[in-house]
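Have a look at the structure below, then the notes.
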Amino acid sequence: MDRKIEIEEHVTVSALADHLSIPVTKLVAELFKNGIMATVNEKIDIDTAQIIVKELAIDVELVKKENKLVEQVRKRPENSSKATKRPPVIAVMGHVDHGKTSLLDAIRGADVVKGEAGGITQHISAYQITHNDNKITFLDTPGHEAFAALREHGAKLTDMAIIVVAADDGIKPQTLEAIRFARKAGVKMIIAVNKMDKTGADINRLKQQLSENELMPEEWGGDTVILPISAKTGEGVKELLDMIVLVSDIEELKADYDVPGSGLIIEAHMEQGRGSVAVALVEHGVLRPGNFVVAGSTYAKIRNLETTTGGVLKEAGPSTPVIMTGFKVLPEFADEFVVVGSEKEARQKSAAYATEKEHTGTLDMTSSELIRMINRNNQTQEVNVIIKADVQGSLTSVLDSLKTLDTDEVALRIVGSGVGAISENDTRLATTTKAIIYGFHVEVPSSVKQQANRDKVDVRLFKVIYELIDDARLELEKNLAPEIIEESLGRLLVRGVFKITKQEIICGGEVTKGRLAVPSLAKLFRGDELLSEVEVVALKHGPQEAREVLEGEMCGVSFKPLSKTDVQEGDRLEFFTRTTKERKL
Ligand code: GDP
């Protein structure tokens, strides 16, 4: 390698062109060739830059300029030899309406002392219970979105996934998606077969379905734990908790307690009288009121530290979900937080993080996406889309879920994505790339709406992630080549040829197999050789036109040759029908 060039983790296209001493247009064109519509001022990440450099056969090595401050904030402590046992963190996932919320309520209800907090089950994004002296933390992930977004952070935040499947409904697309997520994240799964109280609940059918999806039940010789439950009656919930304790004992989950507290923000909102309120999960160390905490580009001196049900905490160790107040600005979902020594340090680190983030720009084409595009075969039918979402967390989730739709045959090509309202830039990009704009929890300002209408830009807004994904799936399905179904009917042995013209051939013979029908198609064989395919126009049984002639009967056939065709006595016509069927993803 001739040259080593230090660049930031995210670099503008124009700066990269400068570094490489090539015209910026050449770089833009190369990016474009690889499916990235980046303008000169937009940023690409270093991995993408490295791939492009390779594609351009430029002999330089790009290395990342270290940003010490930010690195320190982000660095995740490894467990030391002093690490001790910590509670497991559980995510509950599954198809909509299969009973995730009910199960979480049932588990929480079993623990909540009657009357506490008025016994109200307000929505909380995480909670911890104690089951036979064992603490267990549950994340109430809104669908799979949070789970996916948290996974993006590389953190194995969740130790175990409970996949809820309704016994009366069986495995559904989101069940499979949840299983895929859990597998990809490498977390243990427990299948909770819910609604066992309902008539029609069939656990065996479900076990069959699971085994067809590489989840062989334990009792059938596999290693998938399947438990029948009813979130409604509470049946099986205790056994489920016992199983969680058992599995986490086997996993020997540990963390350090004797280090500065750190973890992940899982929710943040403003509350009247309390200011910014953040729900977070402590991963390492211990958090205490009065600690200075940096979370992404904001920081706090922790004013109140509470359990997610409002109990006051003096300290919170690993795997504890907490509420903290005192942030200057709301932190973001999936921001990492870490305790630092002083307010000055907190201010510096959050500012450094903010500066780096500013450089990230809105184009979030990552290297993995680029590799995927390069590797994609040329036959792939692509649908261009632009994705806008309200916050980074949901954008990440939408993008993550959309990626799972791609196949070798059809794929989405994300030509742009970002956080915030749909803008004129987006509609312009949509016009040039013929893209559909998907908005998730975002608005379209009226001026943009007008422009979109004028330019016939297809803008689709959603508030439920699955509906957005389903819509994109339908869009991809439109591009799937239809399935061709050929059904064979019967065979005619040609005994005489009466007329051969370019437009029409009439011959006669005996039906030696099956039945002949019209309209239909036929393949003309001489011996083993397929001569041509023809379109059957009419059948004659005796002097009468017939719609059908059966085996053993003699008949006349009139057909239209689709290519140059000659027929002789002794040839065979194999009759069949051909229909097409739309395929599903
Ligand atoms: P989620 O969308 O997965 O969170 O599902 P919910 O918890 O909201 O449940 C969907 C519906 O199924 C609700 O009407 C629940 O009352 C019902 N449900 C949930 N669990 C059970 C169960 O064990 N038995 C019965 N009969 N109904 C249940």
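A few remarks follow.
- Failed item, numbered, when residue 174 is tested on (1) surrounded by fewer than 24 Cβ atoms within 10 Å (Cβ to Cβ); (2) out of contact with any Phe, Trp or Tyr (no Cβ under 7 Å at 6 or more places or on another chain): (2)
- When residues of the stretch 88-110 are limited to those that are in contact (Cβ under 8 Å) with a residue 60 or more places away in the chain and among the charged types (D, E, K, R), the one surrounded by the most Cβ atoms within 10 Å (Cβ to Cβ): 100
- Taken over the stretch 83-107, the residue count meeting the criterion of being in a loop (DSSP other than H, G, I, E, B) and more than 15 Å from the ligand (Cβ to nearest atom) is 4.
- Here residue 526 meets the list (1) closer than 30 Å to residue 478 by Cα; (2) touching a Gly at 6+ places or on another chain (Cβ under 8 Å) almost entirely, failing just condition (1).
- Considering only residues in the stretch 254-287 that are closer than 25 Å to residue 80 by Cβ and in contact with a Leu (Cβ under 7 Å, 6 or more places away or on another chain), the one that is surrounded by the fewest Cβ atoms within 10 Å (Cβ to Cβ) turns out to be 264.
- Inter-residue pairs, beta-carbon under 6 Å, first touching a residue at least 60 places away in the same chain (Cβ under 8 Å) and buried (at least 16 other Cβ atoms within 10 Å of the Cβ) and in the stretch 300-319, second among the β-branched types (Val, Ile, Thr) and in a loop (DSSP other than H, G, I, E, B), 6+ apart: 308/124
- Some residue of the stretch 142-159 being modelled with pLDDT under 85, within 16 Å of the ligand (Cβ to nearest atom) and either at positive phi or touching a Pro at 6+ places or on another chain (Cβ under 9 Å) (or both): yes
- Every residue from the stretch 239-278 that is assigned to a helix (DSSP H, G or I), modelled with pLDDT of 90 or more and of a type in the set (D, E, K, R): 239, 242, 249
- Of the residues 227, 240, the single one that is within 14 Å of the ligand (Cβ to nearest atom) and under 26 Å from residue 317 (Cβ atoms) is 240.
- Test: residue 201 is more than 19 Å from residue 95 (Cα to Cα), at pLDDT below 90 and in a loop (DSSP other than H, G, I, E, B): no
Conditions (1) closer than 25 Å to residue 133 by Cβ; (2) touching a strand residue (DSSP E or B) at 6+ places or on another chain (Cβ under 8 Å), marked per residue:
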{"residue": "176", "(1), (2)": "no, no"}
{"residue": "184", "(1), (2)": "no, no"}
{"residue": "202", "(1), (2)": "no, no"}
{"residue": "206", "(1), (2)": "no, yes"}
{"residue": "236", "(1), (2)": "yes, yes"}
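- For the stretch 177-208, filtered to residues that are within 24 Å of the chain's Cα centre (by Cα) and loosely packed, with under 15 Cβ neighbours inside 10 Å, the residue that is farthest from the ligand (Cβ to nearest atom) is 186.
- Extreme residue, surrounded by the fewest Cβ atoms within 10 Å (Cβ to Cβ), among residues of the stretch 431-459 that are closer than 18 Å to residue 395 by Cα and touching a residue at least 40 places away in the same chain (Cβ under 8 Å): 441
The values are calculated or read from the model by the stated rules, or taken from the named source; none is laboratory data. Everything numeric in this text was worked out from a predicted model, so none of it was measured. Glycine gets a Cβ as well: all are built from the backbone with ideal geometry, and neighbour counts include every protein chain shown.
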